[in-house]
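Participant: My structure is below; once you've seen it, I'll send some questions.
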Amino acid sequence: MTTSERIDTDVVVVGSGMGGGTTAWALAKKGVKVLIVERGGRIAKEDENWSPSEVFIKGRYKNSEEWLDLNDKPFQPGVHYYVGGNTKLYGAALPRFSESDFEETKHLEGISPAWPFTYKQFEPYYCKAEELYRVHGPSEDQYGAKKSKPFPFPAMENEPYVAELAARLKKAGVNPHGNSMGIDFGAGGKCIRCKTCDGFICKIDSKSDAEVNAVNPALATGNATLMTHTKVTRVVLDAAGKKVDHLLAEKDGKEIKIYAKKYVLSLGAVNTAALLLRSGVANSSDQVGRNYMMHVNSHLAAIDFRRKNTDNFQKTISFTDWYLDGGKGYPLGTFQMIGKVQGIMMKSYATKVPLFILNFMAKYSVECLIMNEDFPDPNNRVTITPSGQIKLARVPNSMKTHLELLKRVKGLLHKIGYIAVFRQPFNIAMNAHQCGTLKAGNDPKTSVVDQYCKSHDHDNLYLIDGGFFPSSAAMNPALTIAAQAIRVVEESDLANV
Ligand SMILES: Cc1cc2nc3c(=O)[nH]c(=O)nc-3n(C[C@H](O)[C@H](O)[C@H](O)COP(=O)(O)OP(=O)(O)OC[C@H]3O[C@@H](n4cnc5c(N)ncnc54)[C@H](O)[C@@H]3O)c2cc1C
């Protein structure tokens with residue numbers, strides 16, 4: 001490593017994904033000088049952005065290092081190092097959590113703990129995040145997520161297959177409703193309703209992601225600067241160990257020291273915890289890296305050879321009838337449509353089935369996600385091996401609930417005519433919804449950050465990404481991360497520099 005360069009700024013935000021990008025946007029809009037430090041670069045706009053074989057078979061955009069699982073088996077995690085972070089590939093489903101997700105809730109297999117703030121306190125920031133990420137959604141409130149303002153845009157219309165599916169589901173006894181989608185769709189919008197949204201990169205920037213909707217607008221204010229291909233490697237404290245003194249980073253083989261008045265770490269739930277553990281920082285509670293959650297998820301593909309699925313953009317409905325109570329006094333989870341899966345994409349897991357069969361099946365299939373909450377467990381955790389590698393130990397702790405949800409959904413799908421339902425359960429590598437490693441709480445002995453994501457241990461350190469979640473809810477996490485980033489900037493002393 002060559003000699004070190006020194007950089008000084010007011011606030012440094014490490015990571016430009018949902019947490020970091022949104023924090024930087026909110027700070028820059030307030031007039032605060034902010035430096036965004038991102039280990040990746042900008043993703044090129046190229047034809048491969050929309051190529052299922054490049055994205056799903058060849059893994060063109062996967063660029064993370066290997067981590068180890070519970071049994072020390074290496075795997076490549078679902079994290080992506082780019083400007084915009086994981087939101088560059090995400091599915092842009094941006095639902096709120098429900099009011100009860102912020103309260104202590106009894107489940108079949110555990111207790112989902114309360115958050116250090118209420119839904120009511122948080123709700124105005126959901127409205128702001130929905131504006132920033134251009135969320136389309138239904139006019140009626142769903143699953144106890146009461147809105148003080150309507151969604152900024154109406155729910156996306158269903159294409160014919162999904163419209164008919166929604167009618168069949170309703171007849172069978174559940175109540176499908178529009179998905180909350182962050183898409184630049186409608187009058188003047190760029191979205192063309194293609195098949196290459198969920199899991200792909202949007203070549204025409206019409207998916208609301210952290211690069212397009214937060215980082216670029218932050219840079220446009222003139223208050224933010226972006227430094228790419230710069231990996232932060234260590235957090236260094238002052239002599240008293242009370243405050244962060246500077247960050248060490250690497251760029252083009254050079255060491256950089258970054259000095260700021262306030263430090264925001266938004267590397268994603270696992271990587272922020274890993275950086276803190278490697279640095280020996282913010283962990284007087286011994287909670288850093290613990291309580292790792294990622295939901296219990298399965299993708300389902302349902303086939304009915306009497307119905308051809310010609311829809312392009314099928315991710316327009318969910319049903320949440322069993323979200324608050326599955327009928328036995330405890331919550332079950334969510335059913336959500338996902339982007340249309342093409343035959344070649346099925347090949348990534350159905351490796352032995354010939355492609356022509358998968359292509360044929362994909363013409364008659366429809367795909368969805370079923371998702372339920374997992375619970376914070378101190379033994380489900382991130383640690384660092386002696387050689388410096390990330391180890392992610394996790395035993396799913398709400399499988400009974402998941403299997404009950406699966407049984408109900410399968411029964412329903414069969415009832416409405418599907419002859420076969422195939423399941424792909426998520427494994428440790430499919431950890432897109434990672435959260436919980438930097439638990440927020442009021443007690444410094446049992447939590448890592450306070451309700452504003454400020455470290456209990458270090459006054460000038462904020463940890464703003466999925467890590468702060470005290471519980472995972474059973475909804476996609478990104479909107480809640482964005483809303484919290486805006487709330488922290490507006491209500492805490494982060495912007496006072
Ligand atoms: C395929 C896929 C589909 C998804 N679909 C949805 C969905 O539909 N809805 C939803 O709500 N969520 C979805 N998610 C999850 C969503 O993307 C994440 O919840 C969200 O991006 C997490 O935000 P974050 O700020 O915690 O981390 P990220 O967005 O991952 O950002 C972390 C950033 O930190 C950077 N970084 C990491 N280490 C360093 C370092 N050492 N130095 C400098 N920079 C660093 C990374 O490069 C990255 O830019 C999906 C994710 C994937 C992968």
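Participant: Taking the range 250-271, which residues are acidic (Asp, Glu) and either away from the ligand (no atom under 16 Å from the Cβ) or in contact (Cβ under 8 Å) with a residue 40 or more places away in the chain (or both)?
Facilitator: Of everything in the range 250-271, those that are acidic (Asp, Glu) and either away from the ligand (no atom under 16 Å from the Cβ) or in contact (Cβ under 8 Å) with a residue 40 or more places away in the chain (or both) turn out to be Glu250, Glu255.
Participant: Looking at Lys195 and the list (1) touching a Lys or Arg at 6+ places or on another chain (Cβ under 6 Å); (2) at pLDDT 95 or above, which single condition is not satisfied?
Facilitator: (2)
Participant: Taking the options Leu438, Leu405, name whichever one is among the aliphatic types (A, V, I, L, M), at pLDDT 95 or above and not in a loop (DSSP other than H, G, I, E, B).
Facilitator: Among Leu438, Leu405, only Leu405 is among the aliphatic types (A, V, I, L, M), at pLDDT 95 or above and not in a loop (DSSP other than H, G, I, E, B).
Participant: Sort out which residues of the range 47-60 are surrounded by fewer than 19 Cβ atoms within 10 Å (Cβ to Cβ) and either among the charged types (D, E, K, R) or within 24 Å of Ala478 (Cβ to Cβ) (or both), and write them in order of number.
Facilitator: Selection gives Asp47, Glu48, Trp50, Glu54, Lys58, Gly59, Arg60.
Participant: Let me ask you something else. Please specify each residue of the range 270-301 satisfying the condition of being among the polar types (S, T, N, Q), within 24 Å of Thr233 (Cα to Cα) and surrounded by fewer than 24 Cβ atoms within 10 Å (Cβ to Cβ).
Facilitator: Hits for the range 270-301 are Ser279, Asn283, Ser284, Ser285.
Participant: Ok, one more. Going by the structure shown, is Lys328 farther than 25 Å from Ile183 by Cβ and in contact with an Asp or Glu (Cβ under 6 Å, 6 or more places away or on another chain)?
Facilitator: Considered against the rule, which asks whether it is farther than 25 Å from Ile183 by Cβ and in contact with an Asp or Glu (Cβ under 6 Å, 6 or more places away or on another chain), Lys328 comes out as no.
Participant: Any chance you could count how many residues in the range 299-312 are touching a Cys at 6+ places or on another chain (Cβ under 9 Å) and either among the small types (Gly, Ala, Ser) or not in a strand (DSSP E or B) (or both)?
Facilitator: Residues meeting the conditions: 3.
Participant: I'm checking my understanding of the structure. Among residues of the range 448-486 that are of a type in the set (Phe, Trp, Tyr) and over 14 Å from Phe97 (Cα atoms), which one is farthest from the ligand (Cβ to nearest atom)?
Facilitator: It comes out as Tyr452.
Participant: Going by what's in this entry, would Phe75 be described as within 16 Å of the ligand (Cβ to nearest atom) and surrounded by fewer than 23 Cβ atoms within 10 Å (Cβ to Cβ)?
Facilitator: yes
Participant: Conditions: (1) in a loop (DSSP other than H, G, I, E, B); (2) open to solvent by 10 Å² or more (accessible area, probe 1.4 Å); (3) in contact (Cβ under 8 Å) with a residue 24 or more places away in the chain; (4) more than 12 Å from the ligand (Cβ to nearest atom). Arg423 meets all but one. Number of the miss?
Facilitator: Just one mismatch for Arg423, condition (1).
Participant: Looking only at the range 5-48, count how many residues are among the acidic types (Asp, Glu), within 24 Å of Glu255 (Cβ to Cβ) and away from the ligand (no atom under 13 Å from the Cβ).
Facilitator: Matching residues across the range 5-48 total 3.
Participant: Something else about it: Go over the candidates Met399, Met430 one by one and state the one that is within 18 Å of the chain's Cα centre (by Cα) and either within 27 Å of Tyr143 (Cβ to Cβ) or open to solvent by 20 Å² or more (accessible area, probe 1.4 Å) (or both).
Facilitator: Met430
Participant: Which residue out of Lys445, Lys410, Lys439, Lys391 is closer than 23 Å to Gly85 by Cβ and more than 16 Å from the ligand (Cβ to nearest atom)?
Facilitator: It is Lys391.
Participant: Those residues that are polar (S, T, N, Q) and farther than 20 Å from Val162 by Cα, I need them from the range 320-375; list them, please.
Facilitator: Ser348, Thr351, Asn372
Participant: Could you check the range 11-38 and list, in sequence order, the residues that are in a strand (DSSP E or B) and open to solvent by 10 Å² or more (accessible area, probe 1.4 Å)?
Facilitator: Selection gives Leu35 alone.
Participant: Among the residues of the range 457-479, is there at least one that is of a type outside the set (A, V, I, L, M), part of a strand (DSSP E or B), open to solvent by 20 Å² or more (accessible area, probe 1.4 Å) and in contact (Cβ under 8 Å) with a residue 60 or more places away in the chain?
Facilitator: Looking through the range 457-479, none of the residues is of a type outside the set (A, V, I, L, M), part of a strand (DSSP E or B), open to solvent by 20 Å² or more (accessible area, probe 1.4 Å) and in contact (Cβ under 8 Å) with a residue 60 or more places away in the chain.
Participant: Could you list, in sequence order, all residues of the range 450-497 that are closer than 13 Å to Cys435 by Cβ and among the β-branched types (Val, Ile, Thr)?
Facilitator: Ile464, Thr480, Ile481, listed by residue number.
Participant: State all residues of the range 212-249 that are touching a Leu at 6+ places or on another chain (Cβ under 7 Å), within 14 Å of the ligand (Cβ to nearest atom) and of a type in the set (Ser, Thr, Tyr); if no residue qualifies, say none.
Facilitator: Once the filter is applied, which keeps residues that are touching a Leu at 6+ places or on another chain (Cβ under 7 Å), within 14 Å of the ligand (Cβ to nearest atom) and of a type in the set (Ser, Thr, Tyr), the range 212-249 yields only Thr233.
Participant: Still on this model: Kindly evaluate Lys363 against the criterion of being assigned to a helix (DSSP H, G or I), in contact (Cβ under 8 Å) with a residue 60 or more places away in the chain and open to solvent by 40 Å² or more (accessible area, probe 1.4 Å).
Facilitator: For Lys363, the condition - assigned to a helix (DSSP H, G or I), in contact (Cβ under 8 Å) with a residue 60 or more places away in the chain and open to solvent by 40 Å² or more (accessible area, probe 1.4 Å) - is not met.
Participant: Which condition from (1) over 26 Å from Val235 (Cα atoms); (2) at pLDDT below 95 is the one that Thr3 breaks?
Facilitator: The failed condition is (1).
Participant: How about the range 79-122: which of its residues are away from the ligand (no atom under 16 Å from the Cβ), in a loop (DSSP other than H, G, I, E, B) and open to solvent by 10 Å² or more (accessible area, probe 1.4 Å)?
Facilitator: Once the filter is applied, which keeps residues that are away from the ligand (no atom under 16 Å from the Cβ), in a loop (DSSP other than H, G, I, E, B) and open to solvent by 10 Å² or more (accessible area, probe 1.4 Å), the range 79-122 yields Glu103, Glu104, His107, Leu108, Glu109, Gly110, Pro113, Ala114, Trp115, Pro116, Thr118.
Participant: Select from the range 192-220 the residues that are charged (D, E, K, R) and closer than 18 Å to Ile486 by Cα and write down the one among them that is surrounded by the fewest Cβ atoms within 10 Å (Cβ to Cβ).
Facilitator: If we take residues in the range 192-220 being charged (D, E, K, R) and closer than 18 Å to Ile486 by Cα, then Glu211 is surrounded by the fewest Cβ atoms within 10 Å (Cβ to Cβ).
The values are calculated or read from the model by the stated rules, or taken from the named source; none is laboratory data. Small disclaimer: the values here were computed from a predicted structure and weren't measured. Quick reminder, even Gly has a Cβ in these numbers, built from the backbone with ideal geometry, and neighbours come from all protein chains shown. These accessible areas exclude ligands, DNA and RNA; they are computed on the full protein's heavy atoms, side chains included. Shrake-Rupley method; radii C 1.70, N 1.55, O 1.52, S 1.80 Å.
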